[in-house]
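Worksheet: the structure to be examined is printed underneath.
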Amino acid sequence: MKFLIINGPNINFLGIREPGIYGRTTYADLCGLLQGWCADAGVECELFQSNHEGAIVDRIQQAYFDKVDGIVMNPAAYTHTSVAILDALKATAIPTVEVHISDVSKREAFRQHSYVSLAARRTIVGHGIDGYREGIEWLAAELKQAG
Ligand code: CA2
C-alpha cells in the first residue's frame, strides 16, 4: 500500500515560529516521524510539501497515475480557500484524511470552513503532530479492511 503525505504552505516553517500554536517539531523532524509511522503501519510513503496551490493540484493528479492508495494531507491555509484542491481530490477519488495540527474550530472564523473536508473521509484537528500518526493508522486500517 502506498500513501502520499501532503503538507501545504508554511508547514516548512514548523518549529521556527509560533511554537505556542504549532509546537516545536520542525518540518525535518516531522518528515522523520511520518516515515516511521508509515513504516509501522506497513505502508510505503512519499512526502510532499509545497507553498503553491497549483503544485499541490499537480501532485494530487500525479498520485492518480502513480496508483497511490491514500493521501494524508494538511492543506494548511489552502484548506479554507481552495476549490481547486477540493476538485483535484474529487477528480482522483483517492481516499484522503485531512489533518490539522491546531484546533481550527476554536480559532478565527475564517479557519472554521474547510473545502478539503468535503472530499476527506476523515478530518483530524487539534491533536498536534500526533494527528498525522492517527490519520496514517486510521487510513491504513480502513483500506486494509476494504481489501
Ligand atoms: O492547524 C493546522 O495544521 C493548519 O492547517 C496550519 C496552517 C493554518 O493556515 C491552518 O488554518 C491550520 C498554517 C501552517 C503553518 O503555518 C505556520 C505559521 C507560522 C509558523 C509556523 C508555521
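The values are calculated or read from the model by the stated rules, or taken from the named source; none is laboratory data. None of these values were measured; they are calculated from a predicted model. All Cβ positions, glycine included, derive from the backbone under ideal geometry; neighbour counts span all protein chains shown. The area values use the complete protein model at the heavy-atom level, side chains included, leaving out ligands, DNA and RNA. Shrake-Rupley method; radii C 1.70, N 1.55, O 1.52, S 1.80 Å.
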Completion exercise
Over the range 107-133, the set of residues open to solvent by less than 60 Å² (accessible area, probe 1.4 Å) and part of a loop (DSSP other than H, G, I, E, B) is Arg107, Ser114, Ala119, Ala120, Gly126, Gly128, Ile129
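Right, Ala91: at pLDDT 95 or above and over 15 Å from the mean Cα position of the chain (by Cα) or not?
Working: at pLDDT 95 or above: yes; over 15 Å from the mean Cα position of the chain (by Cα): yes.
Yes.
Inspect all residues belonging to the range 113-130 and state whether any of them is more than 15 Å from the chain's Cα centre (by Cα) and closer than 28 Å to Glu18 by Cβ.
Within the range 113-130, the subset more than 15 Å from the chain's Cα centre (by Cα) is 113.
Subset that is closer than 28 Å to Glu18 by Cβ: 113.
Within the range 113-130 (the criterion being more than 15 Å from the chain's Cα centre (by Cα) and closer than 28 Å to Glu18 by Cβ), the answer is yes, since at least one residue qualifies.
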Practice task
Report whether or not Cys38 is of a type outside the set (A, V, I, L, M) and open to solvent by less than 20 Å² (accessible area, probe 1.4 Å).
Solution key: yes
Exercise for the section: Answer yes or no: is there a residue in the range 54-74 that is within 10 Å of the ligand (Cβ to nearest atom) and in contact (Cβ under 8 Å) with a residue 12 or more places away in the chain. Expected result: yes
Fill in the blank from the handout: Across the range 10-35, the tally of residues that are at pLDDT 95 or above, open to solvent by 40 Å² or more (accessible area, probe 1.4 Å), near the ligand (Cβ under 7 Å from one of its atoms) and over 14 Å from the mean Cα position of the chain (by Cα) stands at 1
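Among the residues of the range 47-80, what is the count of those that are surrounded by fewer than 15 Cβ atoms within 10 Å (Cβ to Cβ) and either closer than 30 Å to Glu108 by Cα or of a type outside the set (Phe, Trp, Tyr) (or both)? Talk me through it step by step, then tell me what you get.
Going through the range 47-80, the residues surrounded by fewer than 15 Cβ atoms within 10 Å (Cβ to Cβ) turn out to be 52, 54-55, 58, 61-62, 64-67.
Still in the running and either closer than 30 Å to Glu108 by Cα or of a type outside the set (Phe, Trp, Tyr) (or both): 52, 54-55, 58, 61-62, 66-67.
The total comes to 8.
Do you know which residues across the range 93-106 are in contact with a Phe, Trp or Tyr (Cβ under 7 Å, 6 or more places away or on another chain) and either open to solvent by 20 Å² or more (accessible area, probe 1.4 Å) or within 8 Å of the ligand (Cβ to nearest atom) (or both)? Steps first, please.
Narrowing the range 93-106 to residues in contact with a Phe, Trp or Tyr (Cβ under 7 Å, 6 or more places away or on another chain): 94, 97, 99, 101-102.
Within the range 93-106, Val99, Ile101, Ser102 qualify.
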